[in-house]
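Derivation of every value follows stated rules applied to the coordinates shown; laboratory data play no part. Small disclaimer: the values here were computed from a predicted structure and weren't measured. Here the Cβ positions follow ideal geometry from the backbone for every residue, glycine too, while neighbour counts run over all protein chains shown.
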Amino acid sequence: MLFGTYQFLCRLETDAYLPLYKGSTLRGVFGHGLKRVVCALRRQECATCLLKHQCLYAEVFETRHALDIPENLNNSAPPHPYVLEPPLERTGHLSEGESFTCTLRLFGPINEKLPYFVYAFDQMGKIGIGKKINGRRAGFVLEQVCTDSKVLYHNKDGTLQSANAAQRLCAQQLVRDVEAANGAVSKLTVHLETPLRVKFENRLHARLPFHVLVRAMLRRISSLYNTYTQGEPALDYKGLVAKAEAVDTVENDLRWFDWRRYSNRQEQKMYMGGMVGSVTYKGAIGPYLPLIRMCEKVHVGKGTSFGLGKIKGLKI
């Protein structure tokens, strides 16, 4: 699976007033910016649009319709081909001239369409972000786009360097890494850097037993590979879950974080709480490290397109 990580460095032209968690706000403006760039029939619903199979906006934001997957109870929604990571600073006020960075992670062939995303961020700056002040939202300028410390775009010359910036995450290599992992690692702390929403027994919980985390990681990985490659990794899914149930939680510093977003589609505010903090596990953890390293890249749980489910695993 092709995987790219791109940092968009932006500079504010006016003061901005944003929520403490900025993922939903930035994702909404990102959608408007991309639609402005690529949509030929803006008043047409994606589900019935004749161009949905060739439209980048539909592929990114209306993935189910772009892939012609019917909506029914037996069919889970396909994962979006991106994660938008907002700046993590827990402040609602950013000053004029201040810079902030958004990270865009792309999955699959969509990496080849990076120029459209660069232009979409340029349009986001013109649309503006945050609360309206004197009738206008805060505008910003896209200054540069980087990957792995390499500058791909700078607004001084307005050119995008042609570079194969995406890497390939090989399913077979993931399987080999899991199978080759030994039992040397017996203690691990997982930090939840953005709210994590995972369901177990059809409920959202404020606790995270190791097997629940493993189930969520396996779902995320298998769905991405099923959607954006030829099939999921040949892992021993049942065996991994069964063995994960023997791993103990020895420290728990998790707490629930509530935040709201406004859904334009449903025309209402939606509560999107999730777990934040850290949790420490003890047991035979070695075989699960490759899964954790993968999910550090692709996130895990619900709401990943907003930047939710950003995790970091630290061996102890």
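Which one of GLY135, GLY231, GLY303 has the biggest mean-square fluctuation once the chain is modelled by GNM with Cα springs under 10 Å?
GLY135
Against the longest principal axis of the chain, how steep is helix 289-298, in degrees 0 to 90 to the nearest 10, with axes from Cα atoms?
Helix 289-298 sits at roughly 10 degrees to that axis.
Between the helical axis of 171-180 and the dominant principal axis of the chain, each derived from Cα atoms, what acute angle in degrees is found, rounded to the nearest 10?
30
Can you give me the C-alpha center-to-center distance between segment 23-73 and segment 172-209, rounded to a whole angstrom?
Cα centres, segment 23-73 to segment 172-209: 31 Å.
Using helices alone, what [θ] at 222 nm do you get for the chain, with -39,500 (n - 2.57) per DSSP H run of 4 or more residues, divided over all residues and rounded to the nearest 500?
-8500 deg cm²/dmol
Counting only pairs 8 or more places apart or on different chains, how many lysine pairs in segment 1-149 have C-alpha atoms closer than 19 Å?
7
Going by alpha carbons, how many degrees (0 to 90, nearest 10) lie between the helix axis of 210-228 and the longest principal axis of the chain?
Taking the Cα atoms of the chain, the angle to 210-228 is about 50 degrees.
Read phi for every residue in segment 305-316 and hand back ³J(HN,Hα) as whole Hz from Karplus 6.51 cos²θ - 1.76 cosθ + 1.60, θ = phi - 60°, with x for Gly and Pro.
5, 7, x, 5, x, 7, 10, 9, x, 10, 6, 10
Using the count of nearby Cβ atoms within 10 Å as a rough guide to exposure, how do LEU308, LEU50 rank from fewest to most?
Fewest-to-most Cβ neighbours within 10 Å comes out as LEU50, LEU308.
Of the peptides 109-118, 147-156, how do they stack up when ordered by the mean number of other Cβ atoms within 10 Å, highest first?
Ranked from most to least packed, the peptides come out as 109-118, 147-156.
Let me check against my output: what whole-number percent is the relative contact order of segment 169-315, with C-alpha pairs under 8 Å and at least 6 apart?
Worked out over segment 169-315, it gives 41 percent.
Counting other C-beta atoms within 10 Å, which of GLU59, GLU296 has the fewest, and how do the rest follow?
Result, fewest neighbours first: GLU296, GLU59.
With an 8 Å cut-off on Cα pairs and a minimum separation of 6 or more residues, tell me the relative contact order of the chain in percent.
Relative contact order comes out at 24 percent.
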